[in-house]
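Undergrad: Okay, handing you the structure first.
The values are calculated or read from the model by the stated rules, or taken from the named source; none is laboratory data. None of the values given here were measured: they were computed from a predicted structure. No Cβ is skipped: glycine too gets one built from the backbone with ideal geometry, and neighbour counts run over all protein chains shown. The protein model used for the area step is the full one, side chains on, heavy atoms only, and it has no ligands, DNA or RNA in it. Shrake-Rupley method; radii C 1.70, N 1.55, O 1.52, S 1.80 Å.
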Amino acid sequence: PSRPRSILFVKPTQAPLKPAVVDSIKLAIRQALSTRHVPAKVIELPKIPYTGNGKRLEVPTKKLVNGVKFESLNLSSAEDPECLRVFVNHPELRLEDLAVKAKL
């Protein structure tokens, strides 16, 4: 069985996200945790999706990354539902093997 891929979404203070910053993020994760925790991808976002209460919208994000249609999600608690559209058909999120699901 294949392992889920880990994806790290970041909103950098200085855009665009430079390759050296991505490398330092991955190295810090590898050193602080383990190689297993290093994300397969580090993707820059213009805005992190939150609820009106300030919690990250992890479940809807995971569903979108794994191919669930945007229109089928209940986004009533989202502060800005439109910021989730970045996950729809994002070129870096396409799954080569549809059996592999993303772990956020």
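Undergrad: Return yes when PRO16 is open to solvent by 70 Å² or more (accessible area, probe 1.4 Å) and assigned to a loop (DSSP other than H, G, I, E, B) and no when it is not. Lay out the reasoning, then the answer.
TA: On the way: open to solvent by 70 Å² or more (accessible area, probe 1.4 Å): yes; assigned to a loop (DSSP other than H, G, I, E, B): yes.
For PRO16, the condition - open to solvent by 70 Å² or more (accessible area, probe 1.4 Å) and assigned to a loop (DSSP other than H, G, I, E, B) - is met.
Undergrad: Identify, from the list PRO60, PRO46, PRO91, the residue that is modelled with pLDDT under 90 and within 17 Å of the chain's Cα centre (by Cα). Before the answer, list the steps.
TA: Details: PRO60 fails: modelled with pLDDT under 90; PRO46 fails: modelled with pLDDT under 90.
Within the list PRO60, PRO46, PRO91, the selection yields PRO91.
Undergrad: Looking only at residues that are open to solvent by 50 Å² or more (accessible area, probe 1.4 Å) and among the aliphatic types (A, V, I, L, M) in segment 26-61, which one is nearest to LEU84 (Cα to Cα)?
TA: Filtering first and then ranking leaves VAL59.
Undergrad: Considering only residues that are assigned to a loop (DSSP other than H, G, I, E, B) and more than 15 Å from ILE7 (Cβ to Cβ), which ones fall in segment 53-87? Before you say what the answer is, go through the steps one by one.
TA: Within segment 53-87, the subset assigned to a loop (DSSP other than H, G, I, E, B) is 53-55, 57, 66-69, 73-77, 79-80.
Listed by number, the residues that qualify are ASN53, GLY54, LYS55, VAL68, LYS69, LEU73, ASN74, LEU75, SER76, SER77, GLU79, ASP80.
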